[in-house]
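Here's the structure, in structure tokens; my notes come after.
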Amino acid sequence: MKSDRLLSILLLLQTHGRVPAHQLAERLEVSVRTIYRDVEALSASGVPVYAERGRHGGIELLAGFRTDVTGLTADESRALFILAAQGAHAALGLDDALGSALRKVMAALPAPHRPAAEVTSRRILVDATRWKGGPLPAVDLDTLQDAVFADRRLRLRYRHSDDTEDSTYTVDPYGLVSKAGVWYLVADRRGGPRLFRADRVRSARLTEEPVKRRPGVELADAWEVLRRQVEERPGGIDVTVRVRRERFGLFLRLHGGALTEPPEDDGVSPWVTARLAIGVVGEARPLLAFGDRLEVLSPPEVREELASVAASVTELYQRGS
């Protein structure tokens, strides 16, 4: 688009000073004649740009002229370059677009802000995946994106985690959410909010029907309801454990996300007490990996479960000896 090209010319001139017309033409993949027409358009709009012909000529902005195209502050500039590290754009097929946008923003930043923005992109890395979570399944978000932006209903073939057969749904999408590296489709089904993991979608097809969302409900509203349903799911079990101090760092790395309150640590005792929440009794089994460095204090059903599993393992090895 011509407007994009004019902005690119302005940013290039602000960054590099005098630039030969043929270099601008090569950079923007247009003819030299088009570049001169664009320069005339910039001049007519009030930008003090001029062209000098000849061997050492080129196109240049009037000395001292500068426009802060972005209007960004130093902190805003740094925040934007941290955004580039989060990776969600890659799954959406926007890697190249984001890279191009950041280059344009870098060129447009006031000179004092540029070093901080460049350092931020090299010194801050955001990895949204959990430790030892294993590789995430490949996800095809193309059709889901199409439905979200076209405001069309979706026909899904979906496999729930505890099912062996696929289910079929017609849903009204609000949008896509990335949480801890996992993509979710937020949609209404029969007028109620539902959450669908993108990696469990076996197939998706846009219908000809326009989306039917609840009046006044936006993606953030629907997501908040669903998020609370997951986090405040009834039936959770509160588990109290004590962990040997020398193993507590590892315990936090593996189970810190399940803690319900800060650990009790007097700084003297060899044991640290922690409370965590699990969904079902069986989810406590990984605690056995700590051996005698961890003790479950409550509830009794979790203690009994771990004792039973430990006894079964001991019996198995005794039979093999």
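Quick notes on this one:
- Scanning the range 42-60 for residues that are out of contact with any Gly (no Cβ under 9 Å at 6 or more places or on another chain) and buried (at least 16 other Cβ atoms within 10 Å of the Cβ) gives Leu42, Val47, Val49, Ile59.
- Taking the range 159-181 as the range and being farther than 16 Å from Glu218 by Cβ, open to solvent by 20 Å² or more (accessible area, probe 1.4 Å) and either hydrophobic (A, V, I, L, M, F, W, C) or not in a loop (DSSP other than H, G, I, E, B) (or both) as the test, the residues that pass are Ser167, Thr168, Tyr169, Thr170, Ser178, Lys179, Ala180.
- Val39 vs. criteria modelled with pLDDT of 80 or more, within 16 Å of Leu13 (Cβ to Cβ), assigned to a loop (DSSP other than H, G, I, E, B) and assigned by the TED database to the domain that holds Leu11: no
- Qualifying positions in the range 274-304 - open to solvent by less than 30 Å² (accessible area, probe 1.4 Å) and either closer than 10 Å to Thr240 by Cα or not aromatic (Phe, Trp, Tyr) (or both): Ala274, Leu276, Ile278, Ala284, Leu287, Leu294, Val296, Pro299, Val302
- Test set (1) closer than 16 Å to Ala220 by Cβ; (2) open to solvent by 30 Å² or more (accessible area, probe 1.4 Å) - Ala187 fails condition number: (2)
- Matching residues in the range 214-237 - criterion: being free of Cβ contacts under 8 Å to residues at least 60 places away in the same chain, over 25 Å from the mean Cα position of the chain (by Cα) and surrounded by 11 or more Cβ atoms within 10 Å (Cβ to Cβ): Arg214, Gly236
- Residue list for the range 243-273, restricted to those being open to solvent by less than 80 Å² (accessible area, probe 1.4 Å), modelled with pLDDT of 90 or more and touching a strand residue (DSSP E or B) at 6+ places or on another chain (Cβ under 8 Å): Val243, Arg244, Phe248, Phe251, Pro270, Trp271, Val272, Thr273
- Count of the range 238-248 residues, restricted to those that are within 12 Å of Arg293 (Cα to Cα) and touching a residue at least 40 places away in the same chain (Cβ under 8 Å), is 6.
- Count - residues of the range 249-280 that are among the hydrophobic types (A, V, I, L, M, F, W, C) and closer than 20 Å to Asp292 by Cβ: 8
- Beta carbons closer than 8 Å, at least 6 apart along the sequence or on distinct chains, pair a first residue in the range 21-41 that is hydroxyl-bearing (Ser, Thr, Tyr) and surrounded by 13 or more Cβ atoms within 10 Å (Cβ to Cβ) with a second that is modelled with pLDDT of 85 or more and assigned to a helix (DSSP H, G or I) for Thr34/Ala25; Tyr36/Ala21.
The values are calculated or read from the model by the stated rules, or taken from the named source; none is laboratory data. None of the values given here were measured: they were computed from a predicted structure. With ideal geometry, Cβ positions are generated from the backbone for all residues, glycine too; neighbour counts draw on all protein chains shown. When the accessible area is computed, the model is the full protein with side chains, heavy atoms only, and any ligands, DNA or RNA have been set aside. Shrake-Rupley method; radii C 1.70, N 1.55, O 1.52, S 1.80 Å.
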